[in-house]
Amino acid sequence: MAALMYKFYRQFERKHAVVVNYYVILKSQVRNYTDRQEGKPAFGLLFDIDGVIVRGKKVLPSASEGFKKLVDSAGKFRIPTVFVTNAGNALRHEKAEQLSCWLEVEVTEEQVIMAHSPLRMFHQFHNKRVLISGQGPIVDIAKNLGFTKVTTIDQMRGTFPMLDAVDHKRRISVPCTFEQYFPRIDAIVLFGEPIRWETTLQLVIDTLMTNGTPASRSSDIIYPHIPLLACNMDLQWMAEAWMPRFGHGAFLLCLENLYKKITGHNLIYTALIGKPSEITYHHAHHMVIVQAKKIGLDHRIKRLYAVGDNIYTDIFGANLYDRYLSRRHVQGSKRVATVQRSIEELLGSDTSEWEHDAESCSSILVQTGVYSEDHHNGMLDHSPRDFLPVEEKLRAPKYTVENVSKAIDLIFHKEGFH
């Protein structure tokens, strides 16, 4: 009798669970329908920049056409929109001004996510001495992110002139008298591709091998090495040239292989920031919510659409985040994957302020940049080392369209939005 009662209870429980699930789904659909009827978007947009909006400094015709659909008669965004780029050579407000000029639409600093933007969350490194590499105003960028003790590659080269020996015209054979006063480097932050790769490769590897003290004379290689944070994993990107150009991912590939060849150890990234990292999409998701509140939307954003031109970063990253959202939505706050744990740990124990409630992140591939139907067979099969092995389906876009204007039309059709 007890066994029969237990069986009956389990059947009831399963049926009840199905009813509850149907009720939740129906309630969500009714709410979404109501929002659409009232002209309130329940979705947010994430746009890549290079290859989607511009190629180099040339604005693609489809961009200005498409973005007119996203603003009201006063030129203000009516849909929560952010721009997610792997570029790291500018401050956010500079990129916002550039986008505003290109699109003839007002874009604010809060709408721009650079490759390095999530480093704001890495508070544990903000008061440590960091060696930084990249182009542009990297000192200002680092300080704007919260880093308080910054040393550049040029400053290190000035203190240790004998370390930079590849370019014979720049070689200096006399040591600097201030070497002994050089502060120990606690961590390294790579913002983007440097100008003189040989100098940066040499000094970064020297710093890693000496535990942050290039002045030391120890013959032992220190391993594990000091923390290394890298932004922007793009192997290639699309500028004015008809073929893709080297990105920071190419530099990282050189660094990884040189370090391995010299030391016999694998290079360890404390964090890889920028697309396709889920951390970057999580940060962008948060900024979409900020934009939704800014334009007066009082309901949750249920769906995200990520538009990009690179299947190895834009599409791969959006699909990774979509998987993260699906698992989070199904299992609530349970930690179901290593990736999810890393996100929650970075956000800290109190994550209530993020209010992440989206159910999906759909990837949309445009054919105006790195990827095109004419040249897709010639694309290099590359994903960042720490993201391997890659499931092939994670590189497959949910939708493929001709350009960004067509992408916006597709999204509006899917959402029943006008």
Condition set open to solvent by 50 Å² or more (accessible area, probe 1.4 Å) and among the charged types (D, E, K, R), scope the stretch 214-265, selection modelled with the lowest pLDDT: answer is ARG217
Can you find, within the stretch 114-133, the residue that is farthest from ALA271 (Cα to Cα) among those that are at pLDDT below 95 and surrounded by 15 or more Cβ atoms within 10 Å (Cβ to Cβ)? MET114
Could you identify the single residue in VAL84, VAL71, VAL139 that is touching a strand residue (DSSP E or B) at 6+ places or on another chain (Cβ under 6 Å) and crowded, with 19+ Cβ neighbours inside 10 Å? VAL84
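Confirm whether LEU201 is modelled with pLDDT of 95 or more, open to solvent by less than 10 Å² (accessible area, probe 1.4 Å) and either of a type outside the set (Phe, Trp, Tyr) or in a helix (DSSP H, G or I) (or both).
Working: modelled with pLDDT of 95 or more: yes; open to solvent by less than 10 Å² (accessible area, probe 1.4 Å): no; either of a type outside the set (Phe, Trp, Tyr) or in a helix (DSSP H, G or I) (or both): yes.
So LEU201 does not fit the description; no.
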Of (1) in a helix (DSSP H, G or I); (2) surrounded by fewer than 16 Cβ atoms within 10 Å (Cβ to Cβ); (3) in contact with a helix residue (DSSP H, G or I) (Cβ under 6 Å, 6 or more places away or on another chain), GLY158 satisfies all except one. Which? (3)
Does LEU272 meet the test of being assigned to a strand (DSSP E or B), at pLDDT 85 or above and over 26 Å from VAL107 (Cα atoms)? yes
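Looking only at the stretch 142-153, which residues are assigned to a helix (DSSP H, G or I) and either open to solvent by 60 Å² or more (accessible area, probe 1.4 Å) or in contact with an Asp or Glu (Cβ under 7 Å, 6 or more places away or on another chain) (or both)? It would help to see each step written out before you state the result.
Within the stretch 142-153, the subset assigned to a helix (DSSP H, G or I) is 142-145, 153.
Within the stretch 142-153, LYS143, ASN144 qualify.
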Could you please let me know if PHE191 is buried (at least 16 other Cβ atoms within 10 Å of the Cβ), of a type in the set (A, V, I, L, M, F, W, C) and over 30 Å from HIS93 (Cα atoms)? no
The one condition ILE301 fails out of (1) assigned to a helix (DSSP H, G or I); (2) farther than 22 Å from ALA396 by Cβ; (3) open to solvent by less than 50 Å² (accessible area, probe 1.4 Å); (4) at pLDDT 90 or above is (1)
When the stretch 315-326 is examined, which residues are found to be open to solvent by 10 Å² or more (accessible area, probe 1.4 Å) and under 12 Å from the mean Cα position of the chain (by Cα)? LEU320
Does GLU110 count as of a type outside the set (A, V, I, L, M), farther than 24 Å from ALA239 by Cβ and in contact with a Ser or Thr (Cβ under 8 Å, 6 or more places away or on another chain)? no
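The values are calculated or read from the model by the stated rules, or taken from the named source; none is laboratory data. Values in this document were obtained by computation on a predicted structure and should not be read as measured data. With ideal geometry, Cβ positions are generated from the backbone for all residues, glycine too; neighbour counts draw on all protein chains shown. For accessibility, only protein heavy atoms count, side chains too; no ligands or nucleic acids. Shrake-Rupley method; radii C 1.70, N 1.55, O 1.52, S 1.80 Å.
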